[in-house]
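Take a look at the structure set out below.
The values are calculated or read from the model by the stated rules, or taken from the named source; none is laboratory data. If you're wondering where the values come from, they're calculated on a predicted model, not measured in any experiment. Cβ atoms come from the backbone with ideal geometry, glycine included; neighbour counts cover every protein chain shown.
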Amino acid sequence: MSILKQLWTAVRGTATEAGEAIVDTQAIRIMEQEMRDAKKHMNQAKENLTKVMAEKMGVEREVTRLKKEIEEHETYAGQALDKGDEELALEIADKIVEFSNELEAQEELLSSYISNISNLKSTIKTTERNIKSLYRELSVVKTTESVQKASSAAAAKFSGSSSAITSATASLERIKQKQQKRSDQMNAAMELQNESGGGDLKARMKKAGIVSGSTSSNDVLARLKAKKAG
């Protein structure tokens, strides 16, 4: 039983590693999708916030209206008392109580709207900062991933005896050797030609001072003068 349990644990461990490997290979793609989802939810949150703010404006107008109604009816009640009509004044007072109760309820609702809107704005602002930060991190991760892939490809391509760079270097060395061999062959041929044509002997006689190295213009002029005089 213990062995079976260990085998099952090993299988689960292998499955977990395989799953993590799949997730790791798709990590950037998953991250990008999650960021798109987060941005979509953020846009929805902003849209909902505008609706809540619009509802708050409606409550504010209602609060303003009720306060105006109460003020006007208090004036009416005072006028009724001035005329000695207490029954009318009491009826108006009942209306004032009705307006006051409604005003209290609307003010509580308005207070709730104000608090919720403040919290929503703060949450949206914080979430936006987090999303921007994650986008920056994602950009760095993608750049790092690209650089590492390029480095890995270069390392695989330019390392080992069978790599392209090694093959190219070997070819270059063979070309240089062939060029050197041709150069040596040409030098040998020129040396042989000089020897067969007496060139090498003349060069050695010039070096020994037995023959002049070259004829100058003064030598030519002197020869022409001597020929003319004779």
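Being in the same structural domain as residue 53 (by TED's automatic domain parsing) and at pLDDT 95 or above is a property that residue 64 has. Count of the range 92-113 residues, restricted to those that are surrounded by 15 or more Cβ atoms within 10 Å (Cβ to Cβ) and either among the acidic types (Asp, Glu) or not in a helix (DSSP H, G or I) (or both), is 2. Exactly one residue out of 78, 58 is in a helix (DSSP H, G or I), among the small types (Gly, Ala, Ser), in the same structural domain as residue 109 (by TED's automatic domain parsing) and at pLDDT 95 or above, and it is 58. Criterion first (of a type in the set (D, E, K, R) and in contact (Cβ under 8 Å) with a residue 40 or more places away in the chain) does residue 39 satisfy it? Yes. Could you list all residues from the range 22-74 that are surrounded by 11 or more Cβ atoms within 10 Å (Cβ to Cβ), under 15 Å from residue 131 (Cα atoms) and acidic (Asp, Glu)? 32, 34, listed by residue number.
Name the residue that is modelled with the lowest pLDDT, counting only residues in the range 128-161 that are within 27 Å of residue 40 (Cα to Cα) and of a type in the set (Lys, Arg). Among those that are within 27 Å of residue 40 (Cα to Cα) and of a type in the set (Lys, Arg), it is 142. Considered as a group, the residues in the range 51-92 that are of a type in the set (Gly, Ala, Ser) and touching a helix residue (DSSP H, G or I) at 6+ places or on another chain (Cβ under 6 Å) include one that is nearest to residue 117 (Cα to Cα), and that residue is 77.
Of all residue pairs spaced 6 or more apart or on separate chains, those with beta-carbon atoms under 7 Å, a first member in the range 108-134 that is under 16 Å from residue 39 (Cα atoms) and a second member that is surrounded by 12 or more Cβ atoms within 10 Å (Cβ to Cβ) and of a type in the set (Gly, Ala, Ser) are 124/45; 131/38.
If only residues of the range 24-53 that are β-branched (Val, Ile, Thr) and not assigned by TED's automatic domain parsing to the domain that holds residue 114 are counted, the one that is modelled with the highest pLDDT is 30.
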